[in-house]
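One structure is given below, encoded as structure tokens.
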Amino acid sequence: MQFFLMSGRLKGEMRRGWVKKLGISRPESVADHSYRTTLITMLLSDSLRLDTGRTMRMAVLHDLPEAIVGDATPEERSGTHKIDVETKAMEEILGELPEELIALYRAAWNEFVEGATEEARLVRQVDKLEMAIQAWEYANERGDPSLAQEFWDSAREQVEDAPILELLFQVEP
């Protein structure tokens, strides 16, 4: 139950970049972002014939530490500091689960953080694609596509694989 309650915090954790950079008063939550990231991951993973169970596990877990540490922009938390803080939070969240699940989810988290497998690279790129899609939606709601440019540029720096690039270019400001 503690795991479920902790993960539920993501529904109330607003994505800070939209507030700080675009002034969105009611932005998407981390849970909103994670849901669409997982959905896109599922579709692309199945299409690419990757291990969809692994990719979806990573996608669902990728922002779970934010239930403890909160969402942060790259300017606020990045690099090894981000990994260290979020890994510590992940360990706390997983703490009361059965040992076999802790091992499974810890492995998925580490795979995502390391980004060395095709599955992890997919999830990491989809995470950025989803951000660009959301920026495009907010920019269009406001009638100013240029508002999405910073987010699109950030995604473009990290998206390399053709199927994901194809989708990214569909939301280019």
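Here, each number is a calculation from the coordinates, and none is a lab measurement. Bear in mind the structure is a predicted one, so any value in this text is a computation, not a measurement. Glycine gets a Cβ as well: all are built from the backbone with ideal geometry, and neighbour counts include every protein chain shown.
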Checklist entry - Translational D (Stokes-Einstein, µm²/s) of the chain at 10 °C and 1.306 mPa s when Rh comes from the Kirkwood sum over C-alpha pairs? => result 96
Item to check | Per-residue Cβ neighbour rank within 10 angstrom, fewest leading, LEU101, LEU64 | outcome: LEU101, LEU64
Checklist entry - How many nm is it between the label spots at ASP161 and GLU118, if each spot is 7 Å from the Cα in line with the beta carbon? => result 0.8
Checklist entry - Using alpha carbons only, how many degrees (0 to 90, rounded to 10) separate the axis of helix 149-158 from the longest principal axis of the chain? => result 50
Checklist outcome for this item: Least to most buried among VAL159, VAL85, VAL60, by other C-beta atoms within 10 Å and fewest first, runs VAL85, VAL60, VAL159
Item to check | Given charges at Cβ of Lys, Arg, Asp, Glu: region 2-169 dipole, positive-most of SER78, ILE102, MET58 | outcome: SER78
Item to check | Ranked THR73, THR52, THR41, criterion: other C-beta atoms within 10 Å, fewest first | outcome: THR73, THR52, THR41
Checklist entry - To the nearest 20 debye, what charge dipole does the chain have about its Cα centre, counting +1 at the Cβ of each Lys and Arg and -1 at the Cβ of each Asp and Glu? => result 360
